[in-house]
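Below is one structure, written out as structure tokens; comments come after it.
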Amino acid sequence: MSHQIQPYNRGQALGQRRAPSNFSASPRCPMCSSTDVRAFSAIYGFGTTNYLTSRGLFVSHAFQRTKRQTVLAANCRPPRKFPWWPAIVLLLIAGASHMAESILPRIFDLLEQGVYWMLWIALGLGMLAAVENHAFYPSRMAAWGRKLLCQRCGTSFDSLA
């Protein structure tokens, strides 16, 4: 019996991971069959530059961030998340209105109804943002990661198609 350590080939033991049958090493454009294709993420990354400049007359006391993009990079940008700020702004306005209503004498009945509707709208916008950002945004981001653009004819297509 030998006590030598045998090399462990993980790929052989667990089964080789194979690429899907419709996947090729160099993807081709479905319109012109060109292999000159680039991913949307690469186009966006190479076409976007962020600058950090200092602002000030004699002493640089503030910094300014600027973002410059090519038109192609702006068109290939990743999907955006649904904003939370409308719901938060409406909640703040409704809270301030409710506080003003409780401090001031009850002169306006419309203010109370307005606060009621603002709270419901804020709740709806918050729920919309939560569902959109946690349920649909990851799939949109994954689809954007698979998008390719043909440099020859300008066709955008999915890499798995």
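The values are calculated or read from the model by the stated rules, or taken from the named source; none is laboratory data. Predicted, not measured: the structure shown is a model, and the values here were computed from it. Don't worry about glycine lacking a Cβ; one is built from the backbone with ideal geometry, like all the others, and counts go over all protein chains shown.
Filter the range 117-161 for residues that are of a type in the set (Phe, Trp, Tyr) and closer than 13 Å to residue 30 by Cα and give the result. The answer is 157, and nothing else. Quick test for you: out of 145, 124, pick the one residue that is in a helix (DSSP H, G or I), at pLDDT 85 or above and over 16 Å from residue 43 (Cβ atoms). It is 124. Scanning the range 126-159 for residues that are hydrophobic (A, V, I, L, M, F, W, C) and surrounded by fewer than 11 Cβ atoms within 10 Å (Cβ to Cβ) returns 135, 142.
One line per residue, one yes/no per condition, for (1) surrounded by 10 or more Cβ atoms within 10 Å (Cβ to Cβ); (2) over 16 Å from residue 154 (Cα atoms); (3) at pLDDT 65 or above; (4) not aromatic (Phe, Trp, Tyr):
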site	(1), (2), (3), (4)
6	no, yes, no, yes
18	no, yes, no, yes
36	yes, no, yes, yes
52	no, yes, yes, yes
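Taking residue 87, is it outside any loop (DSSP other than H, G, I, E, B) and modelled with pLDDT of 80 or more? Here the answer is yes, as residue 87 does meet what is asked.
Assess whether residue 72 counts as being modelled with pLDDT of 80 or more and among the hydrophobic types (A, V, I, L, M, F, W, C). Taking the combined requirement at face value, the residue satisfies it.
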